[in-house]
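Bear in mind these aren't lab numbers, they're just calculated from the coordinates by the rules spelled out. It should be emphasised that the depicted structure is a prediction, and the values quoted were computed from it without experimental measurement. When we count neighbours, we look across all protein chains shown, and the Cβ atoms used for this are built from the backbone with ideal geometry, even at glycine.
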Ligand SMILES: C[S@@+](CC[C@H](N)C(=O)[O-])C[C@H]1O[C@@H](n2cnc3c(N)ncnc32)[C@H](O)[C@@H]1O
């Protein structure tokens with residue numbers, strides 16, 4: 001961990017200039033990602049988000065003067081991200097599968113992503129065959145993560161860092177240690193280095209599948 005950087009951070013709202021209110025709760029915050037990008041990469045370097053959603057990581061990469069590459073499996077969302085990124089130079093967003101990144105081995109300087117969580121009601125009727133949200137068996141889901149992390153690790157240069165944002169979850173009456181299981185899987189491909197905790201100042205609970213009874217998220221950090 002860099003000296004002077006604490007292991008936790010309380011997040012306020014997003015920077016209004018770059019926020020995407022319609023994706024709130026499912027998308028990351030530009031204001032959350034920018035300090036990580038500054039800390040873990042250099043200007044001009046390549047930031048890769050394999051589960052890029054609405055392209056928030058790439059917005060933050062552009063604002064910080066980094067090149068960005070994002071993959072999103074859902075066609076419509078990838079298109080929304082492309083439209084959002086029109087005014088953010090240096091970014092490439094494609095529709096595809098995180099397990100098959102079309103990037104040269106060793107070309108990535110920083111991986112930064114939010115995982116598609118297991119056990120949500122999101123995209124259950126996905127027609128995109130590679131959609132992780134549609135996986136209904138936890139072992140299959142962890143197997144898919146394993147494949148994705150292996151492919152992502154291949155794209156990273158030696159010494160490159162990866163930061164994976166993920167929460168543990170309560171699904172029906174079970175506690176599912178998704179963050180810890182994902183870290184264990186990531187550790188098969190990269191050297192685990194650290195964890196941070198981001199605290200969200202927002203209400204918890206309710207019917208929204210993305211709202212749990214907790215308002216913190218782990219950032220699992222690893223190095224190639
Ligand atoms: C939590 S969202 C990411 C949001 C993103 N960080 C943002 O701030 O805009 C996870 C995304 O992963 C996508 N996804 C699921 N399976 C995928 C796969 N196999 N390859 C690429 N993306 C996938 C989902 O469609 C979803 O948009």
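For segment 25-97, what relative contact order do you get, as a whole percent, if you take Cα pairs closer than 8 Å and at least 6 residues apart?
Details: 134 pairs, mean separation 22.0, N = 73.
Contact order relative to length: 30 percent.
Computing FRET efficiency as 1/(1 + (r/R0)^6) for residue 175 and residue 127, where r is the C-beta to C-beta distance and R0 is 30 Å, gives about 0.45. Available extension along the chain between residue 105 and residue 199 is 30.4 nm, counting 0.36 nm per residue and deducting the alpha carbon span.
In terms of surrounding Cβ atoms within a 10 Å radius of their Cβ, 100, 224 rank from fewest to most as 100, 224. Spin-label model, residue 94/residue 184: points 7 Å from Cα along the beta carbon direction are separated by 3.3 nm. Extents of the chain, taken as max minus min of Cα coordinates on every principal axis and listed largest first, are 46, 36, 34 Å. Overall shape: prolate for segment 107-174, with the ratio a/c of the largest to smallest alpha carbon gyration tensor axis at 1.5 or above and a/b above b/c. In the elastic network of the chain, a GNM with C-alpha springs shorter than 10 Å, the most mobile of 41, 87, 31 is 87.
Inter-label distance, residue 87 to residue 39: 2.9 nm, where each label sits 7 Å from its Cα along the C-beta direction.
Between 23, 81, 172, the Gaussian network model of the chain with springs among Cα atoms under 10 angstrom shows the greatest mean-square fluctuation at 172.
Once C-alpha pairs closer than 8 Å and six or more residues apart are averaged by separation and normalised to the residue number of the chain, the relative contact order reads 19 percent.
Add -39500 (n - 2.57) for each DSSP H run of 4 or more in the chain, then divide by its residues: what number comes out at 222 nm, to the nearest 500 deg cm²/dmol? Walk me through the numbers on the way to the answer.
Values: 5 runs with 56 residues, N = 224.
The helix contribution divided over the chain gives -7500 deg cm²/dmol.
The modelled label-to-label distance for the pair residue 8/residue 154, using points 7 Å beyond Cα in the direction of Cβ, is 3.9 nm.
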